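As structure tokens, the structure follows; a few thoughts come after it.
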Amino acid sequence: MTDAPHTAPAPKPGILDIAPYVGGKSRIEGVATPMKLSSNENALGAGAKARAAYEASVANIHMYPDGRATKLRDAVAEHHGLEPERLIFGNGSDEVFALLNQTYLTPGDNIVSGKYGFLAYRISALANQASVKLAAEPDFRLTPEAILAEVDERTRIVYVSSPSNPTGSYNTAAEIRALHEGLSPDVLLVIDEAYAEFVAEPDWETSFPLARDAANIVVTRTFSKLHGLGGLRIGFGYAPLKVAEAVDRIRLPFNVSIPGIEAAVAALGDEAHQKASRDLVETWRPRLTQAIRGFGFDVFPSAGNFVLVRFRDAAQATAANDYLNTKGIIVRPVGGYGLPDCLRITVGTDDQNRAVIDALSEFAAG
């Protein structure tokens with residue numbers, strides 16, 4: 001036996017070229033309890049019913065969860081009027097995207113998303129040795145024409161965020177229908193509706209009804225935003241039955257926890273908390289927009305629970321971020337999305353929103 005050279009295990013091609021996802025900052029050196037407005041979390045937290053259900057679930061955490069998440073499956077199906085067998089549950093909607101990519105992408109395939117689309121779509125596509133094609137968003141919103149211009153014979157999945165993070169833009173029901181009609185039947189259209197509950201615009205519609213009769217549409221939702229369960233990682237997709245059955249073959253058997261299932265079921269029934277969460281955003285989103293525009297900064301129209309603020313240039317955005325940090329306020333720089341001159345600010349509590357307005361007023365005056 002000859003001596004072999006000492007080498008380390010090597011990841012498959014492309015893995016080390018992937019830029020890892022970086023979540024919103026949560027700490028400021030020297031500040032014990034900063035105002036964290038960097039991750040689009042629910043400023044009111046989880047509702048009382050969800051918290052009580054979580055606490056009660058502690059008695060059963062020595063047991064494996066129901067691999068089908070039947071209790072949650074039935075609750076989601078009833079709440080949204082969906083067929084339970086067509087639901088895919090995941091460790092956040094991020095895992096649903098990863099499962100779809102793993103199920104349908106082979107080396108040499110590609111996905112198409114918007115230039116400013118959620119980074120999670122891209123990461124797992126690249127991990128499956130597919131490529132990523134980004135459609136132009138010249139007015140910071142995606143159009144069916146821009147997406148369709150990027151689709152080719154190797155496109156397997158198209159991802160659309162509506163509303164979109166971080167821009168806050170959305171696609172009308174007519175635009176989603178036009179996009180679907182323009183796609184080949186063998187291309188999967190994934191519509192990410194993570195911020196659906198915060199949309200007030202009348203020309204937006206959920207794509208659940210469109211997906212019901214389509215063989216190539218998946219609509220995803222999350223419990224991280226409206227319901228305030230980001231730490232429990234619960235998301236789901238409504239898919240054609242054949243898609244759901246294919247994904248189920250590779251889904252890890254216990255990917256949704258007992259506390260997550262119990263809290264999510266309770267959250268669905270907590271209409272008061274849902275209303276309070278929506279009301280907070282609907283009250284403060286326009287107030288933040290108007291106030292910040294009054295300081296001379298551009299604010300994009302938003303259909304989510306956040307606003308995107310555009311500064312003169314990247315240097316001013318960095319300076320504004322640093323100044324907010326000195327006031328104990330954490331927001332989200334979005335240079336990773338190709339928007340180095342912007343900061344994304346989650347709608348917070350009344351006091352937090354007033355603190356943001358005061359700090360940006362001081363920054364503008366300085």
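The values are calculated or read from the model by the stated rules, or taken from the named source; none is laboratory data. Remember, it's a predicted structure, so these values are computed and weren't measured experimentally. Every residue, glycine among them, receives a Cβ derived from its backbone with ideal geometry; neighbour counts consider all protein chains shown. Protein only, heavy atoms only, side chains kept; ligands, DNA and RNA dropped before computing areas. Shrake-Rupley method; radii C 1.70, N 1.55, O 1.52, S 1.80 Å.
Observations
- Remark: Val265 falls outside the filter, which requires a residue to be among the β-branched types (Val, Ile, Thr) and in contact with a Gly (Cβ under 8 Å, 6 or more places away or on another chain).
- Count of residues meeting criterion [free of Cβ contacts under 8 Å to residues at least 60 places away in the same chain and aliphatic (A, V, I, L, M)] in the range 202-232: 6
- The single condition among (1) under 25 Å from Pro209 (Cα atoms); (2) under 16 Å from the mean Cα position of the chain (by Cα) that Pro166 does not satisfy is (1).
- Apart from one condition, Trp284 fits all of (1) among the aromatic types (Phe, Trp, Tyr); (2) in contact (Cβ under 8 Å) with a residue 60 or more places away in the chain; (3) surrounded by fewer than 23 Cβ atoms within 10 Å (Cβ to Cβ); the exception is (3).
- Subset tally (residues that are more than 15 Å from Ile258 (Cα to Cα) and either in contact with a strand residue (DSSP E or B) (Cβ under 7 Å, 6 or more places away or on another chain) or not acidic (Asp, Glu) (or both)) for the range 63-85: 7
- Helices (runs of 4 or more DSSP H) wholly inside the range 203-296 that include at least 3 residues being touching a helix residue (DSSP H, G or I) at 6+ places or on another chain (Cβ under 9 Å), among the small types (Gly, Ala, Ser) and closer than 30 Å to Asp350 by Cα: 258-268, 271-294
- Residue in the range 171-192 that is more than 30 Å from Asp248 (Cα to Cα) and within 21 Å of the chain's Cα centre (by Cα) present: yes
- Answer residue from the range 198-252, given it is closer than 21 Å to Glu175 by Cβ and β-branched (Val, Ile, Thr) and is nearest to the chain's Cα centre (by Cα) among those: Thr220
- Answer residue from the range 347-366, given it is closer than 13 Å to Phe297 by Cα and of a type in the set (A, V, I, L, M, F, W, C) and is surrounded by the fewest Cβ atoms within 10 Å (Cβ to Cβ) among those: Ala365
Residues checked against (1) farther than 25 Å from His227 by Cβ; (2) among the basic types (Lys, Arg); (3) free of Cβ contacts under 8 Å to residues at least 12 places away in the same chain; (4) out of contact with any Lys or Arg (no Cβ under 7 Å at 6 or more places or on another chain):
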{"site": "Ala276", "(1), (2), (3), (4)": "no, no, no, yes"}
{"site": "Thr289", "(1), (2), (3), (4)": "no, no, no, yes"}
{"site": "Val299", "(1), (2), (3), (4)": "yes, no, yes, no"}
{"site": "Ala314", "(1), (2), (3), (4)": "yes, no, no, yes"}
{"site": "Asn321", "(1), (2), (3), (4)": "yes, no, no, yes"}
{"site": "Ile329", "(1), (2), (3), (4)": "no, no, no, yes"}
{"site": "Ala359", "(1), (2), (3), (4)": "yes, no, no, no"}
{"site": "Glu362", "(1), (2), (3), (4)": "yes, no, no, yes"}
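- You will find that of Tyr64, Tyr21, the residue that is within 30 Å of Tyr323 (Cβ to Cβ) and of a type in the set (Phe, Trp, Tyr) is Tyr21 and no other.
- If the condition is being touching a strand residue (DSSP E or B) at 6+ places or on another chain (Cβ under 8 Å) and small (Gly, Ala, Ser), then the range 131-178 contributes Ser131, Ala135, Ala146, Ala149, Ser161, Ser162, Ser164, Gly168.
- Residues that are open to solvent by 40 Å² or more (accessible area, probe 1.4 Å), more than 30 Å from Glu205 (Cβ to Cβ) and of a type in the set (Lys, Arg) do not occur anywhere in the range 288-309.
- Test: residue in the range 61-71 that is on the phi > 0 side of the Ramachandran plot, in contact with a Gly (Cβ under 6 Å, 6 or more places away or on another chain) and open to solvent by less than 50 Å² (accessible area, probe 1.4 Å): no
- Answer residue from the range 17-50, given it is outside any loop (DSSP other than H, G, I, E, B) and surrounded by 18 or more Cβ atoms within 10 Å (Cβ to Cβ) and is modelled with the lowest pLDDT among those: Ile28
- Extreme residue, nearest to Glu145 (Cα to Cα), among residues of the range 86-125 that are at pLDDT 95 or above and β-branched (Val, Ile, Thr): Val112
- Condition met for Arg344 (in contact (Cβ under 8 Å) with a residue 40 or more places away in the chain, open to solvent by less than 40 Å² (accessible area, probe 1.4 Å), among the basic types (Lys, Arg) and part of a loop (DSSP other than H, G, I, E, B)): no
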